[in-house]
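Below is one structure; the comments refer to it alone.
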Amino acid sequence: MADIHRAEGKELREQSPPSEYSDREHMSASRYCATRITSLRPPLRPIPNPFKTLALLNLQQWLFFLVAFFAWTWDAFDFFTVSLVVGDLAETFGKTNADITWGITLVLMLRSVGAITFGLAADRYGRKWPFVVNNILFIVLELGTGFVSTYKSFLAVRALFGIAMGGLYGNAAATALEDCPPEARGIISGMLQQGYAFGYLLATAFARGLVNTTPHGWRPLFWFGACPPVLIIIFRLCLPETKTFQERQALRKSQGSLAGTFVSEGQVALKRHWLLLIYMVLLMAGFNFMSHGSQDLYPTMLSNQYLFSPNAVTVTQVVANLGAMTGGTIVGYSSQSLGRRFSIIVICVVGGALLYPYTYTSSKAVIAAAFFEQFCVQGAWGVIPIHLMELSPGSLRTFVVGTSYQLGNLVSSASSTIEATIGERFPLPPLHKGKQTIKRYEYGKVICIFLGCVYAYVIILTLVGPEKLGRNLDVAHDSDMAEVTHQDLRHQRASHIGHGGDEEAMANEKSTARSVENA
């Protein structure tokens, strides 16, 4: 069986494009700019069989993926619980919908604090224990949200929740993708990212089943949200550190000082890649504007502007998230052969073309538009986990992936508040229910224009940005670590550097060497 998998891996490597996509460190600025269009051309190699690709993962790699997927799913579930009960929260606390969206905004603003704190901890001490602490905080703060009695305490708990949530994304990406076979990165990236859409889908379904079905109103949704992280913690405790991190840690020990080597790695990485890090934050700002701008206020638009019933809103959201999961997996998978940047740009163009039916269809036919719009939004996102992993310096991989993502969240944190506030400038005839008068607004117009601008921004920034498709993520091929240790690590064949057996390590080194020579 191992021979079959190695043969399939060889076949898939031969189908994979060489990396440009490789390092641009020695390219002049003028040459780099001149290649932005030409480097978009996809290799047009046959897309490998997805089942053969997934069969390359061993049991431990699958378990790493699953624990990361479940954690990222519940991160999304916890976030969207507020989005789905905005109206109920406003009624409980005597506030407007725009006031309640500050609970969403604060989470997005403070997630960068968690990304920096837990990202550095994961890069220094390992992926495992920061992951466990994250999930413990999820339990405590989700329970806390369910018991708050005032608007101020609601905002305070959600702000703390933002810190806890911020530390998870980079850790999940590193856990799922660090040890992943290079040929399977695209499809695993797409599948991992769809934990976000799956979490939204679960939140939508459980909100329908738990909200306003008991005398406690919206609170049971948050109490329930505190339960699954217990199982996720137990799952992670049963798994070791990733092999990639263990190798890096072993090399740090060989240098005589774990802390000193880590600091030196960080200094080299920041000195050599600071411009790239700024680019990644700007890119993630666009992506987060795209996801939050298309999703956070959408249930409110359906119910408030188009008067959808709770059941109709639930069905539309479930179908939209099925589209998101499909799109993320397919586009992430395709990016392995078509390139990361090309895949993002094409799907963003399609998503922009679908904005009008997504926001202006007032009948149940909007379900189709919602499916395909979220197919595009999360299709672009499906490329992001591995795109960020390949761009990030190895010594600070969790920190950079998580922090760029969450700083992008910080920049885009006011998405729902902006949309809700501007939407209130376009009032519609109010709805009268007995003695109650419900104000209505034209949220669809605002969402449509807002997302059109965001798509244009993401397309332009992706076009001018770099790509490192197929980059080797092992410490033995980390140029930053080589500078710190003053040696070419690719020629080290110590047992703590290789993957598995000696023969397999040799095969991995030869495969990477061929990729470098081709690039």
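The values are calculated or read from the model by the stated rules, or taken from the named source; none is laboratory data. Since the model is a prediction, treat every value here as computed from it, not as a measurement. Cβ: placed from backbone, ideal geometry, glycine included. Neighbour counts: every protein chain shown. In case anyone asks, the SASA skips ligands and DNA or RNA and just uses the protein heavy atoms, side chains included. Shrake-Rupley method; radii C 1.70, N 1.55, O 1.52, S 1.80 Å.
For region 409-440, name all the residues that are in contact with a helix residue (DSSP H, G or I) (Cβ under 6 Å, 6 or more places away or on another chain) and closer than 10 Å to L297 by Cβ.
Once the filter is applied, which keeps residues that are in contact with a helix residue (DSSP H, G or I) (Cβ under 6 Å, 6 or more places away or on another chain) and closer than 10 Å to L297 by Cβ, region 409-440 yields S415, S416, T417, E419, A420, G423.
Going by what's in this entry, would F154 be described as open to solvent by 10 Å² or more (accessible area, probe 1.4 Å), part of a helix (DSSP H, G or I), more than 16 Å from R236 (Cα to Cα) and at pLDDT 90 or above? Outline the logic, then answer.
Working: open to solvent by 10 Å² or more (accessible area, probe 1.4 Å): no; part of a helix (DSSP H, G or I): yes; more than 16 Å from R236 (Cα to Cα): yes; at pLDDT 90 or above: yes.
When the stated conditions are applied, F154 does not pass them.
Which one is modelled with the highest pLDDT among residues in region 493-510 that are under 22 Å from A259 (Cα atoms) and open to solvent by less than 50 Å² (accessible area, probe 1.4 Å)? Talk me through it step by step, then tell me what you get.
The first filter runs over region 493-510 and keeps only residues under 22 Å from A259 (Cα atoms), leaving 494, 496-497.
Now drop any that are not open to solvent by less than 50 Å² (accessible area, probe 1.4 Å), which leaves 494, 497.
Details: A494: 43, I497: 36.
The qualifying residue modelled with the highest pLDDT is A494.
Answer with yes or no whether V366 is farther than 26 Å from A98 by Cβ and either of a type outside the set (F, W, Y) or open to solvent by 10 Å² or more (accessible area, probe 1.4 Å) (or both).
no
Determine if region 53-67 includes at least one residue that is more than 30 Å from F131 (Cα to Cα) and open to solvent by 70 Å² or more (accessible area, probe 1.4 Å). Before you say what the answer is, go through the steps one by one.
Going residue by residue through region 53-67, those that are more than 30 Å from F131 (Cα to Cα) are none.
No: zero hits.
Would you check which residues across region 208-244 are out of contact with any Gly (no Cβ under 9 Å at 6 or more places or on another chain) and modelled with pLDDT under 90 and list them?
We begin by selecting, within region 208-244, every residue out of contact with any Gly (no Cβ under 9 Å at 6 or more places or on another chain); these are 208-210, 212-215, 217, 227-240.
Residues satisfying the conditions are R208, G209, N212, T213, T214, P215, G217.
Out of curiosity, is A269 assigned to a helix (DSSP H, G or I), more than 25 Å from G328 (Cβ to Cβ) and among the small types (G, A, S)?
Numbers: assigned to a helix (DSSP H, G or I): yes; more than 25 Å from G328 (Cβ to Cβ): yes; among the small types (G, A, S): yes.
Spelling it out, A269 is indeed assigned to a helix (DSSP H, G or I), more than 25 Å from G328 (Cβ to Cβ) and among the small types (G, A, S).
Have a look at G444, G452 and point out the one that is surrounded by 21 or more Cβ atoms within 10 Å (Cβ to Cβ), not aliphatic (A, V, I, L, M) and not in a strand (DSSP E or B). I'd like the intermediate steps shown before the answer.
Details: G452 fails: surrounded by 21 or more Cβ atoms within 10 Å (Cβ to Cβ).
It is G444.
(1) under 30 Å from Y441 (Cβ atoms); (2) modelled with pLDDT under 90: which one isn't true of Q336, the others all being true?
Tallying (1) under 30 Å from Y441 (Cβ atoms); (2) modelled with pLDDT under 90, Q336 fails exactly one: (1).
Can you name the number of the only condition in (1) open to solvent by 40 Å² or more (accessible area, probe 1.4 Å); (2) modelled with pLDDT of 80 or more; (3) under 30 Å from G126 (Cβ atoms) that E25 fails?
(2)
In region 456-486, what count of residues is obtained for those that are assigned to a helix (DSSP H, G or I), at pLDDT 90 or above and open to solvent by 10 Å² or more (accessible area, probe 1.4 Å)?
Taking region 456-486 and keeping what is assigned to a helix (DSSP H, G or I), we get 456-464, 475-477, 479-485.
If we keep only those that are at pLDDT 90 or above as well, we get 456-464.
Checking which are open to solvent by 10 Å² or more (accessible area, probe 1.4 Å) leaves us with 456-457, 459-461, 463-464.
Residues meeting the conditions: 7.
Conditions tested, residue by residue: (1) surrounded by 20 or more Cβ atoms within 10 Å (Cβ to Cβ); (2) within 17 Å of the chain's Cα centre (by Cα).
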| position | (1), (2) |
| --- | --- |
| A324 | yes, yes |
| V331 | yes, yes |
| S335 | yes, yes |
| L338 | yes, no |
| R341 | yes, yes |
| A353 | no, no |
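Out of the residues in region 227-253 that are without any contact (Cβ under 8 Å) to a residue 60 or more places away in the chain and of a type in the set (D, E, K, R), state the one that is most open to solvent (accessible area, probe 1.4 Å).
The selected residue is K253.
Among the residues of region 300-322, what is the count of those that are in contact with a helix residue (DSSP H, G or I) (Cβ under 9 Å, 6 or more places away or on another chain), surrounded by fewer than 17 Cβ atoms within 10 Å (Cβ to Cβ) and in a loop (DSSP other than H, G, I, E, B)?
Matching residues across region 300-322 total 1.
Only one of G266, G256 is at positive phi, modelled with pLDDT under 85 and surrounded by fewer than 21 Cβ atoms within 10 Å (Cβ to Cβ); which?
Numbers: G266 fails: at positive phi.
Matching residue, one of G266, G256: G256.
Just one of S83, S112, S39 is of a type in the set (G, A, S), surrounded by fewer than 23 Cβ atoms within 10 Å (Cβ to Cβ) and in contact (Cβ under 8 Å) with a residue 12 or more places away in the chain; which is it?
On the way: S83 fails: surrounded by fewer than 23 Cβ atoms within 10 Å (Cβ to Cβ); S112 fails: surrounded by fewer than 23 Cβ atoms within 10 Å (Cβ to Cβ).
Testing whether each residue is of a type in the set (G, A, S), surrounded by fewer than 23 Cβ atoms within 10 Å (Cβ to Cβ) and in contact (Cβ under 8 Å) with a residue 12 or more places away in the chain leaves just S39.
Hey, could you check region 198-226 for residues that are part of a loop (DSSP other than H, G, I, E, B) and touching a residue at least 60 places away in the same chain (Cβ under 8 Å) and say which is nearest to V140 (Cα to Cα)? Before you say what the answer is, go through the steps one by one.
First pass over region 198-226, keeping only residues part of a loop (DSSP other than H, G, I, E, B): 211-218, 226.
Next, only the ones that are touching a residue at least 60 places away in the same chain (Cβ under 8 Å) stay: 211-212, 217-218, 226.
Details: V211: 20, N212: 23, G217: 20, W218: 18, A226: 7 Å.
The qualifying residue nearest to V140 (Cα to Cα) is A226.
Of the residues in region 360-384, how many are closer than 22 Å to F450 by Cβ, in contact (Cβ under 8 Å) with a residue 24 or more places away in the chain and not in a helix (DSSP H, G or I)?
1
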